[in-house]
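Everything on this sheet refers to the single structure shown next.
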Amino acid sequence: MECKGKMGLYDLLTACKELVRTGWMLRGVPHPIGETVAEHSWEAAVIAYVIASEMREGGATVDPDHAAALALFHDILEGLTGDLPRYSSEAIGPARRSLEVMALKDACLYGAEKLYREWMEGLSVEARVARLADYLSTYLQARRYLAAGYPGVEEILHSTRMEMEKLAELLGLEDIVGRIVKNLA
């Protein structure tokens, strides 16, 4: 299938590798040391794989590879749409989803559309694990920035921790998440 999209894969990957996550910059982290979308997605994917693997070892029916793929692709569209601050994202509401589906097609990431929909709907165990990994990665990065002297990230640290703990409790994964946080402290 030939792609006639406006942005090729190379451009999208380059954008993700260079795009610093907006939330950090809005809270005083300088651009040169800001975490990129690619760095965040990679870390979330590794964490999702670890969590899902531990769940499977404990007898759960979960696919660690799929959880990792969802976490890896969850923010790829930011390479096209930019990393919108929470306020902007909430303000445009459901229109954001339409914009992102259009962007997927424009980038010719047709196979990723299924992953995107699964991530957004959060109905599968793997999607919920990937979302938990997203929160956990953000939480860990906030801790790194706080330790490096950027107090402006405290709001992200606290709000992400609350979301992470709520989802971990819902999934019955408090022990696994607690162990990961402790081991990475």
#### Entry: q = 0.08, 0.12, 0.18, 0.19 Å⁻¹: log10 I(q)/I(0) that the Debye formula gives for the chain, counting C-alpha atoms only
-0.25, -0.58, -1.27, -1.38
### Positive-end residue, the chain charge dipole about Cα centroid, Cβ charges, pick of G23, L72, T138
G23
#### Entry: Label point distance in nm, K182-E154, each placed 7 Å from Cα along Cα→Cβ
2.7 nm
### Message
With +1 on the Cβ of every Lys and Arg and -1 on the Cβ of every Asp and Glu, and nothing else charged, how large is the dipole of region 9-183 about its Cα centre, in debye rounded to the nearest 20?
### Response
240 debye
### Query
Among the lysines in the chain, how many pairs, 8 or more places apart or on different chains, have alpha carbons under 24 Å apart?
10
#### Entry: Extension gain, A147 back to L13 (0.36 nm per residue minus Cα-Cα distance, nm)
45.3 nm
#### Entry: Sorted by Cβ neighbour density within 10 Å, fewest at the top, the residues H158, H74
H158, H74
### Query
If each residue's Cβ is checked for other Cβ atoms within 10 Å, how do T36, T160, T138 rank with the fewest at the top?
T36, T160, T138
### Query
Shape of region 123-185 from its Cα gyration tensor (a ≥ b ≥ c, root eigenvalues): rounded if a/c is under 1.5, otherwise prolate when a/b > b/c, or oblate?
prolate
### Packing-based exposure ordering (other Cβ within 10 Å, fewest first) of W24, W119, W42
W42, W119, W24
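All of the numbers you see were taken from the coordinates with simple rules; none came from a lab. All values reported here derive from a predicted model rather than from experimental measurement. Note that we place each Cβ from the backbone using ideal geometry, even for glycine, and neighbour counts take in every protein chain shown.
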